[in-house]
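Bear in mind these aren't lab numbers, they're just calculated from the coordinates by the rules spelled out. None of these values were measured; they are calculated from a predicted model. Using ideal geometry, Cβ is built from the backbone for each residue, glycine included, and neighbour counts are taken over all protein chains shown.
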Amino acid sequence: MLRVEIEGGKEFEKAVKALKKRADGSLEKWLADGAITTQSLAQQSILSRLSKGKIYERKGIQHTASAPGNPPNSDSGALVSNITVEKIKGGYDVGSRKGAPWGLFLEFGTVKMLPRPWLTPAYDKAVAQLMEYFKRAKI
C-alpha cells in the first residue's frame, strides 16, 4: 500500500507543538476542525467548477478532464464521496480512500498526466485559517 503524506509548514508544526504543551483539550478540537475544513475545501474545489481540458471516452461515456494545475472535474462523484477524515495517532488524516485510489495520481500526476491538485490547496487554506486563529488568540 502506497501512502503519501502532505506535511505542514514549519510555522504550523511549531504552533501545534506549543499548543500540546498547554493542552487543555482545545488542540484536539482545532485539529479536528482543520481536518474537516480541509475535507470540505477539497470537495468544494472539485464540485465548484468545470475546467476545460482534454475530452476522452471511457466505457462508452464521454468525459472532460480538467486542465493541468486545476482540481479534477467531477463526473461520477466517487472521488468527492471518498474524501474522508480519519483519526490517527497525533492528529487526523484527510484523503481519498479505497473507493477512489486514483485521487493520489490526480494530486501528484503521473508520467502520462500532469497534476490536478485538489488536496494540497485545501490543506494550505485550512492551515492558513488555523494559523490566523492562533495569531488572533495569541497562541
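Which residue pairs have Cβ atoms closer than 7 Å, lie 6 or more positions apart in sequence or on different chains, and pair a first residue in segment 52-70 that is of a type in the set (D, E, K, R) with a second residue that is outside any loop (DSSP other than H, G, I, E, B)?
Lys52/Thr64
Every residue in segment 100-136 that is over 15 Å from Leu31 (Cβ atoms) and over 16 Å from the mean Cα position of the chain (by Cα), please.
Across segment 100-136, the qualifying residues are Thr110, Val111, Lys112, Met113, Leu114, Glu132, Lys135, Arg136.
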